[in-house]
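Structure, as structure tokens:
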Amino acid sequence: MLSPFSPMPEIPVDFRAPPPSPVASGRRSTVTNDDVLTEFLEASLRVPDLVLPDKIFPKQNHLDAPPEVDFVSLCFHRDDALRDVVSDSLARIGCFQLLNHGIPSQLVDSAAADAARVFQVPHAKRAAATRSPEKPWGFEEYHAGEEEEEGSEEFVWCNEEELKSKMEGIWPIGYPNFSEKMEKLMSRIEMVGMKMLGVILKKKSAEFEGGNEKGNVCCIYKHGGDNTKDAWANSLKYDVIRMLIRGTDYSHSLCFHLCNGSSQFHVYSKKSWLSFFPHPGALIVTAGDQIQMLSGGEYKSVIGRAILKAEKEEKISMAFLCCPQKKKKKKNFGSSESRSVSLSQQAILALILPLVYNVIIFVFKKFNS
């Protein structure tokens, strides 16, 4: 008998490695399979040779100036030949030039002069009136060094009470006068726009529905003061890239560009980049997304931008983005809407009728007694 302190006898372990997996008689050897796998991996992991474009934006094409259209002949004399010219130009390049539009040059120059002073507001004070998804008006968001490098700035004006309140808080002396001039100019632009839409789409102004909830806006651009060749080219490239990436933040039917002193005017679309020399004093009209939709895709939606290379220190251009105003339905007398009674009126009637009923019963009983 073994004592509890005696060592345990060793039990031999019979461990055998598993046999190798048999290779099927119809398959290739493992060496051949490794070669096939290597060739497959080399073919799959090979990086293709990519040929990148030389430029990240479309090639600029210079074209003859778009047709010059007389506003009075088109909208008041109903010149069908002129309308065909406008339709063809909107379908091909998305823009045309409007002459004899009746907007006083003095009003345009005065508004542009006041618009230049908007950009004199210090950047530190602009936070309250900086654009955002909730506020589609005001200054473009500022990043340190951006304006100094590119030399251009933007301000979006509209007839909104909130914008007026914010701007009067940071520019109390100049903004009321500037806003008054912009309201007058916007009113004249809207009159021209509604006439143009009626002729282009062969509809009366009263027939338009929908519109833009943001209302009509004006994008004011201050162009850089550095007129050297390199600085101008860099600013142009910056504008092109920004237009192609951002497009426009505002849905509209027509855009009217005031750009007196413009060296060139550029028209951007998803497939082309065109430039021409505008007629002095002309309104450059470009088609927006709404008119493309209303025309069933016949007209081409584009983005226009004036390129100013004048000697003035402050070079301002303005783009008025217009859309049909929402049609307000008139309430006809005798209609169901005019006969409707509000809840407050129903509550008052509910209180008065029992009193009237009790008075009538009291009087009736008194005379019959």
- Message: Quick check on the range 256-311: of everything there that is among the aliphatic types (A, V, I, L, M), in contact with a His (Cβ under 7 Å, 6 or more places away or on another chain) and more than 22 Å from residue 84 (Cα to Cα), which residue is modelled with the highest pLDDT?
- Response: 306
- Item | Selection from the range 77-92 of residues that are in contact (Cβ under 8 Å) with a residue 40 or more places away in the chain and surrounded by fewer than 20 Cβ atoms within 10 Å (Cβ to Cβ) | 78, 83, 87, 91, 92
- Please specify each residue of the range 111-134 satisfying the condition of being in contact with a helix residue (DSSP H, G or I) (Cβ under 8 Å, 6 or more places away or on another chain), open to solvent by 80 Å² or more (accessible area, probe 1.4 Å) and either among the small types (Gly, Ala, Ser) or within 20 Å of residue 185 (Cβ to Cβ) (or both). 117
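The values are calculated or read from the model by the stated rules, or taken from the named source; none is laboratory data. Since we're looking at a predicted model, the values are computed, not measured. Quick reminder, even Gly has a Cβ in these numbers, built from the backbone with ideal geometry, and neighbours come from all protein chains shown. These accessible areas exclude ligands, DNA and RNA; they are computed on the full protein's heavy atoms, side chains included. Shrake-Rupley method; radii C 1.70, N 1.55, O 1.52, S 1.80 Å.
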